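First the structure, in the form of structure tokens, and then the observations on it.
The values are calculated or read from the model by the stated rules, or taken from the named source; none is laboratory data. Model, not experiment: these values are computed from the prediction. Counting neighbours? That spans all protein chains shown, and the Cβs are built from the backbone with ideal geometry, glycine included. Areas reflect the complete protein model, heavy atoms only, side chains present, ligands, DNA and RNA absent. Shrake-Rupley method; radii C 1.70, N 1.55, O 1.52, S 1.80 Å.
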Amino acid sequence: MEDLYRDNIIDHYQNPRNYGTLEHPDISYEDSNPVCGDELRIDLQVKDGKVADARFSGHGCSISQASASMLTEEIIGKTLEEVKQIDKQYLLDLLGIPLGPVRLKCALLSLKVLKAGAYGLHGWPGEDEE
Ligand code: FES
């Protein structure tokens, strides 16, 4: 079962969905993973309170890139309120493989950037529970 998740991660890494930038994003934010210095940017187009389009760009390891690719796929079409409900566990379930503390930061970088850009929420998602 884990193999399926691993294949999915590799697929998203090799064929990232929604990679790039938006010309006139309503929301754009970038941040880095202090552990490795890898940077990630997320652009959002918001229409009638919904995410009409999303892009991510930057560089990072397979986990961070796959996680950003999956996250942008998930949020397009959702309301900002629904996006706000996406938490650490939701994203980790999408990835579906066990991760150590270092890889956890890689996995959560996209969510961190999204939450900071869209809601001004800073810090690693789920950090307060650790
Ligand atoms: Fe840099 Fe994973 S090693 S984001």
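With every protein chain in place, what's the accessible area of Arg6 (1.4 Å probe, Å², nearest 10)?
Roll a 1.4 Å probe over it and Arg6 shows about 100 Å².
Length gain on complete extension for the stretch Gln85 to Val102, per 0.36 nm per residue less the alpha carbon to alpha carbon distance?
Values: separation 17, 0.36 × 17 = 6.12 nm, distance 2.40 nm.
Difference between extended and current length: 3.7 nm.
Taking every pair of distinct Cα atoms and averaging 1/r, then inverting, what Kirkwood hydrodynamic radius in Å comes out for the chain?
Numbers: mean 1/r = 0.0691 Å⁻¹.
Hydrodynamic radius (Kirkwood, Cα only) of the chain equals 14.5 Å.
For the chain, what is the calculated [θ] at 222 nm in deg cm²/dmol (nearest 500), taking -39500 (n - 2.57) for each run of four or more DSSP H residues and dividing by its residue count? If you can, show how the numbers build up before the last one.
Numbers: 5 runs with 60 residues, N = 130.
Taken over the chain, the calculation gives -14500 deg cm²/dmol.
For the Cα atoms of the chain, what angle does the longest principal axis make with the long axis of helix 2-14, in degrees from 0 to 90, nearest 10?
Helix 2-14 sits roughly 50 degrees off the main axis of the chain.
At 1.4 Å probe size, what's the solvent-accessible area of Tyr13? Round to the nearest 10 Å².
The accessible area comes out at roughly 100 Å².
What part of the accessible area of the stretch 1-60, given as a whole %, is carbon or sulfur when the probe is 1.4 angstrom?
44
Only bridges whose two residues both fall in the stretch 4-130 count here: according to DSSP, what percent of them are antiparallel, nearest 5?
Just about 95 percent of them are antiparallel.
On average, how much accessible surface per residue is there in the stretch 73-130, in Å², for a 1.4 Å probe, leaving out ligands, DNA and RNA? Please report the intermediate quantities before stating the final value.
Values: 2920 Å² over 58 residues.
Value for the stretch 73-130: 50 Å² per residue.
Which residue, Ser28, His122, Gln65, has the largest displacement toward the positive end of the dipole of the chain when charges sit on each Cβ (Lys, Arg +1; Asp, Glu -1)?
Value computed over the given set: Ser28.
Quick one: among Asp48, Asp31, Asp11, which has the greatest mean-square fluctuation in a GNM of the chain with alpha-carbon springs under 10 angstrom?
Answer for the Gaussian network model of the chain: Asp48.
Relative contact order of the chain: what whole-number percent is it, with Cα pairs under 8 angstrom and at least 6 residues apart?
Reported relative contact order: 27 percent.
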